[in-house]
Structure formats: C-alpha cells, structure tokens
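Take a look at this one; I'll ask things after.
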Amino acid sequence: MNREEITSKLQIKNIDGLKFGNNKAYCMPKGYALYHPQLGFIGLGNKNEEFNIDLPYTPCGGRKALKSIIDEGGLLTYDSNEVTWIKSLN
C-alpha cells in the first residue's frame, strides 16, 4: 500500500480497555490512537522498555491532534524505522 492508501483508511479509535503486549505482560494505555483496519494501530517509537512492549501513539492533544494529522495528509512516510504497526491482544 502506498502512503495515500494508508492515510485514506486511517481512523481515530479510543483504546481504553485494549491490551497491548505479549504472553508475559501487557499494558493498557488510555486515550485515542490512529488505527488502520488491516495494519493495526500506529506506534511511533512508543515502547514499554521494561517488558519490550510496543504501544500505540497517543498524543497529549488526543482526538483533536490525531484529526489534524489525518487532515494534513497523514505521516510523511509509513516505511520509517520509527513507525510500527501494533495489534491489540483483545
């Protein structure tokens, strides 16, 4: 998928109650994150270092900040080492 295809399918989802992690540990962040129906949630280097768990990007500006990312055409690239796609455990 190219950048425009990915951006066109991005949604803002509330992640309250979702678990992210592995079979040994998980985290339950709160707030809003960008979600793609096929790829999952966008992570931008957010990681729980103690348990090596990737976490979705949840900006302080919440829904409004994520909407501005989508309105401005999404991220410049989704192929960067900083961008990860994360699926919840539930």
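The values are calculated or read from the model by the stated rules, or taken from the named source; none is laboratory data. Here the structure is a predicted model, which is why all the values come from computation and not from measurement. Every residue, glycine among them, receives a Cβ derived from its backbone with ideal geometry; neighbour counts consider all protein chains shown.
Quick check on LYS24: is it surrounded by fewer than 16 Cβ atoms within 10 Å (Cβ to Cβ), farther than 15 Å from LEU10 by Cβ and modelled with pLDDT under 95? It would help to see each step written out before you state the result.
Values: surrounded by fewer than 16 Cβ atoms within 10 Å (Cβ to Cβ): yes; farther than 15 Å from LEU10 by Cβ: yes; modelled with pLDDT under 95: yes.
Against the criterion (surrounded by fewer than 16 Cβ atoms within 10 Å (Cβ to Cβ), farther than 15 Å from LEU10 by Cβ and modelled with pLDDT under 95), LYS24 qualifies.
In addition: Just give me the residues in the stretch 77-89 being within 19 Å of ILE12 (Cβ to Cβ) and either of a type in the set (Val, Ile, Thr) or part of a loop (DSSP other than H, G, I, E, B) (or both), in sequence order.
Residues of the stretch 77-89 within 19 Å of ILE12 (Cβ to Cβ): 78, 83-88.
TYR78, VAL83, THR84, ILE86, LYS87, SER88, listed by residue number.
Return yes when ASP16 is at pLDDT 95 or above, surrounded by fewer than 11 Cβ atoms within 10 Å (Cβ to Cβ) and over 16 Å from GLU4 (Cα atoms) and no when it is not. Spell out how you get there, then give the answer.
On the way: at pLDDT 95 or above: yes; surrounded by fewer than 11 Cβ atoms within 10 Å (Cβ to Cβ): yes; over 16 Å from GLU4 (Cα atoms): yes.
Yes, satisfied.
Could you check the stretch 52-68 and list, in sequence order, the residues that are touching a strand residue (DSSP E or B) at 6+ places or on another chain (Cβ under 7 Å), of a type in the set (A, V, I, L, M, F, W, C) and over 16 Å from LEU18 (Cα atoms)? Walk me through it before giving the result.
The first filter runs over the stretch 52-68 and keeps only residues touching a strand residue (DSSP E or B) at 6+ places or on another chain (Cβ under 7 Å), leaving 53-58, 62-63, 66-67.
If we keep only those that are of a type in the set (A, V, I, L, M, F, W, C) too, we end up with 53, 55, 66.
Residue satisfying the conditions is LEU66 alone.
Moving on. Of all residues being in a loop (DSSP other than H, G, I, E, B) and among the charged types (D, E, K, R) in the stretch 37-54, which is surrounded by the fewest Cβ atoms within 10 Å (Cβ to Cβ)? Just the residue, please.
As a first pass, look at the stretch 37-54 and keep what is in a loop (DSSP other than H, G, I, E, B): 37-39, 45-46, 49-52.
Checking which are among the charged types (D, E, K, R) leaves us with 49-50.
Working: GLU49: 6, GLU50: 8.
Per the criteria, the residue is GLU49.
Given (1) in contact with a helix residue (DSSP H, G or I) (Cβ under 9 Å, 6 or more places away or on another chain); (2) assigned to a loop (DSSP other than H, G, I, E, B), where does LEU34 come up short, assuming only one miss?
All conditions are met except number (2).
Moving to a separate point now. Filter the stretch 11-31 for residues that are small (Gly, Ala, Ser) and assigned to a loop (DSSP other than H, G, I, E, B); which is nearest to GLU82 (Cα to Cα)? So that I can check it myself, show each step before the final result.
Just the residues of the stretch 11-31 that are small (Gly, Ala, Ser), to begin with: 17, 21, 25, 31.
Subsequent filtering for residues that are assigned to a loop (DSSP other than H, G, I, E, B) retains 17, 25, 31.
Details: GLY17: 25, ALA25: 22, GLY31: 21 Å.
Filtering the stretch 11-31 for residues that are small (Gly, Ala, Ser) and assigned to a loop (DSSP other than H, G, I, E, B), the one nearest to GLU82 (Cα to Cα) comes out as GLY31.
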